[in-house]
Amino acid sequence: MTQRWRLAHKRVWERVAIALAMVVWVNVAHADFERFAGSYEGAAEVTAADGTKIPRDMSVEIKATKDNGFVVNWTSVTTRTDGRRKEKSYSVEFVPSGRPAVFAAAQQRNVFGHQVQLDPMKGEPYVWARLIGDTMTVYSLFVAEDGGYSLQQYDRTLADGGLQLRFQTVQDGIIARAVETFLTKVD
């Protein structure tokens, strides 16, 4: 065997090992978020700036997608003291980022048809997710006109019978709002 042949042979095996590692990583990451799959519902009381308690119904659905990613759909319904209801719904698809346990939001298509992130410098949210143990965290970063920021963080932790939800908004380093509640698995 020549030195050149040995080097070529070694490179082939290195590439095979890398490819196998990628397959294992994708399958492990997929298995991790599969544990969160399902529909969940719950309610919480949110404290307004004036100290009043506002009831809020919450639901989330997490499901796998065909591209080794997942989608998170969530809804929040606020009931005002006068009986008016305000509903907000969001849906974000996440795809592997190339880093273990970190997923990029695929919120729009570029000119080549690939899913890409939104641009926070244009007032759009920059969204990503990570899986650490039993917690799936979704982050949403907004950059204000004056350069300040608002960061929303949704921690959804697996618990017996559902998910423990912790949500907070941090504006320029100060926690502006925080909510904790239990979401019961309904399917």
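Derivation of every value follows stated rules applied to the coordinates shown; laboratory data play no part. Everything numeric in this text was worked out from a predicted model, so none of it was measured. Don't worry about glycine lacking a Cβ; one is built from the backbone with ideal geometry, like all the others, and counts go over all protein chains shown.
Where in the stretch 132-157 does the amide nitrogen come within less than 20 Å of the point 7 Å from the Cα of residue 172, taken along Cα to Cβ? Of the residues in the stretch 132-157, 140-153 have backbone N under 20 Å from the label point off residue 172.
Summarising the label geometry, the points placed 7 Å from Cα in the beta-carbon direction at residue 34 and residue 84 lie 4.6 nm from one another. For the set 53/86; 66/86; 63/122; 122/185, the pairs lying more than 25 angstrom apart at their alpha carbons are 66/86; 63/122; 122/185. Modelled spin-label separation between residue 159 and residue 141, with each label point placed 7 Å from Cα along the Cα-to-Cβ direction: 2.9 nm.
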